[in-house]
Amino acid sequence: MEATVIQGTGTGANVSLRYSLVLPIYNEEQVLPRLVERIRLLIHQLDGETEAIFVDDGSHDGSVRYLRCVVAAEPRFRLIELSRNFGHQIAITAGMDAAQGDAVIVMDADLQDPPEVVLDLVAKWKEGFEIVYARRVKREGESLFKRFTASLFYRLLEKMTTVDIPRDVGDFRLVGPKALRTFRQMPEQDRFVRGMFGWMGFKQAAVPFERPARALGQTKYPFWKMVHLAAHAIVSFSERPLRLALWGGLAISALAVAFGAFAIYAWAFETGVVAGWTSTVMIVSLLCGINLFMTGVVGMYVGSIHAEVKRRPLYVIDRLTGFDRAMPAVPVKNRRSSRKSRIGVPANVRTLRQL
Ligand code: UDP
Ligand code: MG
């Protein structure tokens with residue numbers, strides 16, 4: 001848990017830019033020392049003031065203890081401890097709410113999103129893109145099954161929704177102030193973050209990168225959690241499953257009419273074919289299956305509406321560390337295209353004040 005503290009400003013620091021790194025953490029004690037070192041290196045390579053916000057998503061290993069130590073010793077690090085495990089997408093949201101930078105970069109803690117790629121994201125952002133996402137051109141250390149299901153999911157989502165959600169893109173991205181402000185105005189409980197950024201538009205660009213295997217530790221996305229995320233993504237961004245009921249019902253009705261015609265033919269011409277037990281059971285079970293499936297689909301949407309109407313806060317913060325050391329205020333005229341005046345009061349001020 002020994003932490004080397006690097007003081008002072010990063011090399012070639014440009015006072016006109018401020019970056020925030022958001023890192024969701026869930027039981028990552030094994031990888032944290034390595035991550036912290038890589039983040040320190042990155043901070044020194046970035047051309048502006050940088051803060052790293054670690055969001056502990058209810059870890060029950062030694063992650064929090066380690067992070068509290070590191071954050072206390074390093075002025076650029078901050079820690080948000082959520083009161084329990086709220087899930088990856090909510091942890092990202094909590095970090096983005098608290099970020100003070102002009103550009104916010106979200107990345108996984110397990111070094112599958114290599115910190116060096118952030119430099120490429122920043123370079124692209126400076127070309128004038130509001131959202132720059134990192135696209136996985138190669139995925140290492142992931143099973144064939146995971147790659148196949150992921151690819152199937154991205155393609156299915158593309159077919160299901162009219163929102164432009166880029167393929168093979170996770171949550172590793174850089175977001176400019178306009179996109180950040182829009183994100184903070186989106187109150188939905190069912191948060192599929194990459195879909196939300198796809199929905200909002202703006203000038204977006206991709207930076208390709210090869211995704212390495214997880215540095216240490218286990219994935220926090222087992223198969224059932226992936227299915228859950230995929231189902232929520234579809235429910236949040238597509239009404240098509242609801243329309244399935246209509247088309248499914250029509251198709252079954254057409255089949256029923258054809259079967260009825262066959263029954264009448266058999267009765268009229270006494271071909272000896274009697275509609276027996278097998279066909280009856282087949283039809284009943286088919287209809288029951290479709291009925292149950294569609295009830296489930298409707299149930300998912302009703303569940304989503306239920307979560308929204310309760311209007312609960314998205315997350316609960318248990319403890320904040322390091323936020324008393326705010327990033328240095330930069331005069332408006334120095335900031336990239338005088339953004340401060342356009343951003344207004346960030347939502348995080350409201351969120352953190354509620355504590
Ligand atoms: N994570 C989180 N809350 C969760 C699950 C995951 O904050 O409930 C974090 C995790 O610590 C990591 C990131 O989300 O930083 C991505 O998780 P993981 O690497 O396990 O996913 P995978 O890359 O295997 O899809
Ligand atoms: Mg990972």
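The values are calculated or read from the model by the stated rules, or taken from the named source; none is laboratory data. Since this is a predicted model, take the numbers as computed values, not measurements. Cβ atoms come from the backbone with ideal geometry, glycine included; neighbour counts cover every protein chain shown. The accessibility values were calculated without ligands, DNA or RNA, using every heavy atom of the protein model including side chains. Shrake-Rupley method; radii C 1.70, N 1.55, O 1.52, S 1.80 Å.
Structure above, values below:
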item	result
Computed accessible area, L216, all protein chains, 1.4 angstrom probe, square angstrom	60 Å²
Diffusion coefficient, µm² s⁻¹, Stokes-Einstein with Kirkwood Rh over alpha-carbon pairs of the range 1-160 at 20 °C and 1.002 mPa s	127 µm²/s
GluC sites (Glu not before Pro) lying in DSSP loop within the range 82-178, provided at most 10 other Cβ fall within 10 Å	E127
Rounded to the nearest 10 Å², the accessible area of V163 at probe 1.4 Å	30 Å²
Area of L144 that stays accessible when all protein chains are in place (1.4 Å probe, Å², to 10)	130 Å²
Under-5 Å amide H pairs with F77, H placed in peptide plane, nonlocal only	A52
